[in-house]
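**Q** Below is a structure I'd like to ask you about.
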Amino acid sequence: MSKYKHKHSKKSFDKGVQAKKHLGQHFLKDEGVALRIADCLSYKGYDQVLEIGPGTGVLTKHVLRKNIKVTAMELDSESVVYLKHSFGLEHPKIVSPKTFEVIEADFLKEDLSEIYGDRSFAIIGNFPYNISTQIVFKALEYRDQVIEFGGMFQKEVAQRICAPHGSKTYGILSVLSQAYYDAEYLFTVKPGVFNPPPKVDSGVLLLSRKQDYNNLPCSYQTLSRVVKLAFQQRRKTLRNSLKSLNLPDGLREDKIFDLRPEQISVEDFIGLAARIEKLS
């Protein structure tokens, strides 16, 4: 039996699903916002979408209407049962194993190759705030397959991902995301469209994979190491923050080492990582 099979529950669905604070759940209840999020993807170049944290399926149904296979990955067992029950009743004609499935799993721990093999897909969701940055980092690991990544974050996290160099919010997420994807902040969402409402605004963004994403002159591992070391001491120049790499004096004389990390563009970080990689 597949590890993704889930036993049906006799639970009553009259009261819906209760949001759980420890899972960071804030259920989207605004159909208009859900439709706008679903519409942010192009649905081109792939035939499957992974939705992370579908909750009660408000976004799910709008993505399903795009005539694409949707895999909803949910950690909350109550939501899993609710989704299977609700979509089985409300969409008997379009929901089948060929178009929709619900997997009870933790995205951060899941091996996506068991679901998709080497096929391309997109990611969408109203992402739990408490793990949203980790979700982005994991998606980057699957950049060879993830063509698009769209969804809702805490506003400041969405802005950080899309921030240009020179901005105070520019950081590790900005550089690593924008090295492989074009990042666009789409719109802001107020707390009132959620149940329960969060204490902060939310932001919806879209990451579209660059055509030359796999032609970078350095590996992801090297780029990630350089960027993380640089921003761990973001007030210092690279000459100090990258000291642990024991780089040769000839390289350290480059003017880029006089700059702080937020002053360095994505392209220049890539170029520097490539030069460092050649030394190893």
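**Q** Neighbouring Cβ atoms within 10 Å as the yardstick, rank F87, F231 fewest first.
**A** Working: F87 21, F231 18.
Least crowded to most crowded, the residues run F231, F87.
**Q** If the only charges are +1 at each Lys and Arg Cβ and -1 at each Asp and Glu Cβ, what is the size of the charge dipole of segment 111-243 around the Cα centre, to the nearest 20 debye?
**A** In total the dipole reaches around 900 debye.
**Q** Which shape class applies to segment 21-214: rounded if a/c is under 1.5, otherwise prolate when a/b exceeds b/c and oblate if not, where a ≥ b ≥ c are the square roots of the Cα gyration tensor eigenvalues?
**A** The shape class here is oblate.
**Q** Right, something else. Please list, in chain and number order, the residues 5+ apart from Y181 or on another chain whose amide H is under 5 Å from its amide H, with Hs placed from the backbone.
**A** Distant-sequence amide H within range of Y181: K210.
**Q** Moving to a separate point now. Is segment 185-232 best put as rounded, prolate or oblate by its Cα gyration tensor, with a ≥ b ≥ c the root eigenvalues, rounded for a/c under 1.5, and otherwise prolate when a/b is larger than b/c, oblate when not?
**A** Because a/c hits 1.5 or more and a/b fails to exceed b/c, segment 185-232 counts as oblate.
**Q** Dipole size in debye (nearest 20) for the chain around its Cα centre, Lys and Arg Cβ +1, Asp and Glu Cβ -1? Working shown, then result.
**A** Working: 41 positive and 33 negative charges, 121 e Å.
In total the dipole reaches around 580 debye.
**Q** Now for a separate question. Based on the alpha-carbon gyration tensor of segment 112-252 and its eigenvalue square roots a ≥ b ≥ c, which shape applies: rounded if a/c is under 1.5, prolate if not and a/b is larger than b/c, or oblate?
**A** It comes out oblate by the Cα gyration axes.
**Q** Would you please give the FRET efficiency between A274 and N67, computed as 1/(1 + (r/R0)^6) with r the Cβ-Cβ distance and R0 = 41 Å, to the nearest 0.05?
**A** Calculated transfer efficiency: 0.45.
**Q** Out of all DSSP beta bridges with both ends in segment 21-214, state the antiparallel percent to the nearest 5.
**A** On the way: 17 of 37 bridges.
About 45 percent, rounded to the nearest 5.
**Q** Follow-up. Select from F231, N195, S244 the residue farthest towards the positive end of the dipole of the chain; place +1 on Cβ of Lys and Arg, -1 on Cβ of Asp and Glu, and compute about the Cα centre.
**A** My answer, from the dipole projection, is N195.
**Q** Determine the relative contact order of the chain: mean sequence separation of Cα pairs under 8 Å and six or more apart, normalised by residue count, in whole percent.
**A** 16 percent
**Q** Just to confirm the number: angle between the C-alpha axis of helix 132-141 and the first principal axis of the chain, 0 to 90 degrees, nearest 10?
**A** With both axes taken from Cα atoms, the answer is about 70 degrees.
**Q** For D182 and T99, calculate 0.36 nm times their separation in residues minus their Cα-Cα distance, and state this gained length in nm to one decimal.
**A** Between D182 and T99, full extension yields an extra 27.0 nm.
**Q** Label-point separation (nm) for E78 and N130, each offset 7 Å from Cα along Cα-to-Cβ?
**A** The two pseudo-label positions are separated by 1.4 nm.
A short reminder: the numbers here are calculations on the coordinates, not readings from a lab. Predicted model, so just to flag it, every value in this text is computed and none were measured. Positions of Cβ are backbone-derived with ideal geometry, glycine not excepted, and every protein chain shown enters the neighbour counts.
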